[in-house]
């Protein structure tokens, strides 16, 4: 077994103005989407893909508070195989979430975007993309600084 390299100390500091602006963008995107449960599902899925324990911990708790069914939370990593646990609108949003989150694998496929556009009007689709890009930004801020789940120092 090889020894794990020592972890480099990371700062937990985040400028209050940046935190405030990020929170405002996230709140506006979620409000514009108009579906708090769906916003939590896409934020959880992006956080799973980005391996962000801090955001997963937070958004799973919020989703439970909002009454998102436990079965959806349990099967979210395998949503494509989960049958009717997710409706078509949720599936379109999750497909778009994955495409936007995994941009390093190419681009957002036209068919994924077009499918989402069938389920969301132009404004809600823009807000959905904003929710996804917002959580991706939060994920990167938390993962790069190794902020642990449940931390209050961020």
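Rounded to the nearest 500, the 222 nm mean residue ellipticity of the chain from helices alone is -21000 deg cm²/dmol, with -39,500 (n - 2.57) taken per DSSP H run of at least 4 residues. Sorting the Cα pairs of segment 69-138 by distance into bins of 10 Å, from 0 upward, gives 20, 50, 30, 1 percent per bin. Sorted ascending by nearby beta carbons within 10 Å, beginning with the fewest, 13, 113 become 13, 113. As a calculated quantity, the FRET efficiency between residue 4 and residue 62 at R0 = 30 Å, using C-beta atoms, amounts to about 0.40. Residues 58, 22, 142 in ascending order of nearby Cβ atoms (within 10 Å, fewest first): 22, 58, 142. A Förster radius of 30 Å, combined with the Cβ-Cβ distance separating residue 126 from residue 81, puts the computed FRET efficiency at roughly 0.55. Using C-alpha pairs under 8 Å with a sequence gap of at least 6, the mean separation divided by the residue count of segment 16-144 gives a relative contact order of 39 percent. Taking other Cβ atoms within 10 Å as a rough exposure proxy, 147, 62, 135 sort from fewest to most as 62, 147, 135. Taking the inverse of the mean 1/r over every pair of distinct Cα atoms in segment 1-61 gives a Kirkwood hydrodynamic radius of 14.0 Å. Its alpha carbons considered, segment 16-144 gives a radius of gyration followed by a Dmax of 13.7, 43 Å. Given R₀ = 30 Å, FRET efficiency for residue 20-residue 146 by Cβ-Cβ distance, to 0.05? After rounding to 0.05, the efficiency reads 0.85.
Read-outs throughout are calculated quantities, based only on the coordinates presented, and are distinct from any laboratory measurement. Because the structure is a prediction, the values reported are computed rather than measured. Cβ coordinates were reconstructed from backbone atoms using ideal geometry, including for glycine residues, and neighbour counts include every protein chain displayed.
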